[in-house]
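Asks: There's a structure below that I have some questions on.
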Amino acid sequence: MLSEQPDLFGKALLLTALPGTQGIYGFLIGFLVIMKLGLIGTPTGVPFYKVITVGQGWQMFASCLPVAFAGLLSAIHQGRACAAGVEMTAKQPDQAGKALVLAVFVEFYAVLGLLASILLIYRSW
């Protein structure tokens, strides 16, 4: 599309970048887990990690599952929606906004998974 219509780069960029946000959500949850476990952000003189039980470990693992599954499934479907949106934008450039709205609807489920994981991480011990 861009080789034939390079002026549509901005519209295509949004549609191609949107499915990658799920990776950012996973990175954020990983960072929150690392902070919760005390691996970073501890004051000087304090052990650099917290000793947790096996049950707490499983609880932390389970807290990460909502963003993992929501991110995986929504990224696949959002990629399909965005690919169709790029194709639609190539044929009808004035309809790019509609394609973006449809892709954002799928993003909503990834955001729900992110919020569920955040709530579970901070609800645990």
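Asks: As I understand it, the value is the acute angle between the Cα axis of helix 96-123 and the longest principal axis of the Cα atoms of the chain; what does it come to in degrees, rounded to 10?
Replies: That helix lies at roughly 0 degrees to the long axis.
Asks: Now, a different point. What list of ³J(HN,Hα) couplings, whole Hz, do you get for segment 24-39 from phi and the Karplus terms 6.51, -1.76, 1.60, once you set θ to phi - 60° and write x for glycine and proline?
Replies: 5, 4, x, 4, 4, 5, x, 5, 5, 5, 4, 5, 5, 7, x, 6
Asks: Explain nothing, just the number: dipole magnitude of the chain about its Cα centre with +1 on each Lys and Arg Cβ and -1 on each Asp and Glu Cβ, in debye rounded to the nearest 20.
Replies: Working: 7 positive and 5 negative charges, 96 e Å.
Once rounded to the nearest 20, the dipole reads 460 debye.
None of the figures in this text is laboratory data; all of them are computed from the coordinates on show. Please read these numbers as outputs of a predicted model, since none were measured by experiment. Cβ sites come from the backbone with ideal geometry, for glycine too, and all protein chains shown count toward neighbours.
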